[in-house]
Amino acid sequence: MYDVVIIGGGPGGVAAGIYAARKKMKSVLITDSFGGQSLNSAGIENWIGTTNLSGYDLAKNLEAHLRAQKDIEIIDNDLVVGVTKKPDGTFTVTTREGKTLETKYILIASGSRRKRLGVPGEDQFDGKGVVFCTTCDAPLFDGKTTAVVGGGNSALESVIDLIAYSPKIYLIVRSDVLRGDPITQEKVKSHPQVQILWNTVVQEIKGDKFVNAIRYKDTKSGDEKVLAVDGVFVEVGLLPNSDFVKGIVDMDDYGHIKVDHRTEETSCSGIWAVGDVSDVLYQQNNISVGDGVKAILNIYDKVKKG
């Protein structure tokens, strides 16, 4: 019987794991990989205490810090797929690889996954011109024309990543405004390689063996056009990884787990949630770390009381 099972290897989960170990709680952290969504970022400039580091380096630092702790078990390359609350108030946690764990408390820091466009051709050309990670795949489009779909920070950062490779980048924006950081917006708007298509929705991704065009609609005029591109980078937001506790905790319409922001506890006594999987107002690494620490300290208070 564990005191706490921590689900997720991003900043929030790792912070909780480090504090759980230092409090000598009987704890285990389960994750498919370390780093969370930041793993896909080429450069992180707002991680407090470090001027700039890559998402890969952040992930390695998080993992190393956690593994330096003696009093925590780590189960990696695995995912939690089910949670059951037992009549005595404790929980059973099951994983993709068939592990079953018993625990008094659970901290969910399972993060989020990328949304898809849900248009014809997206699945067909996934990996054949349809891309979800510029950090991973931007070099494959050296000298090619690309389109980035989205208007938030992830889309703008993808455009910045592509500038070194793609001579022509179309930014496909559903509305008439960008939602990313003002500094990044200015970099994108002012760059000669970038053309922004406002009020535009992708209708179809076309191709033969690989992507060669997108069909899009102008939402103001209703006109549909075909645009020749070699790659489509999809950056239209994230979905919380909360399916495994559906029906156990209260969620908003998007699947974010609702929490008491004083403690991070959910509607189900004994379960806490932090980071992108929760209904936190600002999805930031630094906030996830603080909330992870806050949650595990609250759990520790309950462990002490027995």
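Below, the figures for the structure above:
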item: Enumeration of residues in the range 264-293 that are among the hydroxyl-bearing types (Ser, Thr, Tyr), closer than 25 Å to Trp47 by Cβ and either surrounded by fewer than 16 Cβ atoms within 10 Å (Cβ to Cβ) or outside the structural domain of Gly12 (by TED's automatic domain parsing) (or both); result: Tyr282
item: Which listed residue, of Asp208, Asp243, is surrounded by fewer than 16 Cβ atoms within 10 Å (Cβ to Cβ) and under 21 Å from Gln124 (Cβ atoms); result: Asp208
item: Selection count, the range 260-283, where residues are farther than 18 Å from Thr90 by Cβ and out of contact with any helix residue (DSSP H, G or I) (no Cβ under 9 Å at 6 or more places or on another chain); result: 3
item: Residue pairs meeting the criteria (Cβ under 8 Å; at least 6 apart or on separate chains; first farther than 20 Å from Phe34 by Cα, in the range 76-89; second part of a loop (DSSP other than H, G, I, E, B)); result: Val83/Ile248; Lys85/Ile248; Lys85/Cys268; Lys85/Gly270; Gly89/Ser269; Gly89/Gly270
item: Subset of the range 63-115 [surrounded by 21 or more Cβ atoms within 10 Å (Cβ to Cβ) and assigned to a loop (DSSP other than H, G, I, E, B)]; result: Ile72, Ala109, Ser110, Gly111
item: Conditions (1) within 20 Å of Arg113 (Cα to Cα); (2) hydrophobic (A, V, I, L, M, F, W, C); (3) buried (at least 19 other Cβ atoms within 10 Å of the Cβ): number failed by Ile296; result: (1)
item: Matching residues, the range 72-91, being more than 27 Å from Gln284 (Cα to Cα) and either modelled with pLDDT under 95 or in contact with a Gly (Cβ under 8 Å, 6 or more places away or on another chain) (or both); result: Lys85, Gly89, Thr90, Phe91
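The values are calculated or read from the model by the stated rules, or taken from the named source; none is laboratory data. Keep in mind the model is a prediction, meaning the values are calculated, not measured. When we count neighbours, we look across all protein chains shown, and the Cβ atoms used for this are built from the backbone with ideal geometry, even at glycine.
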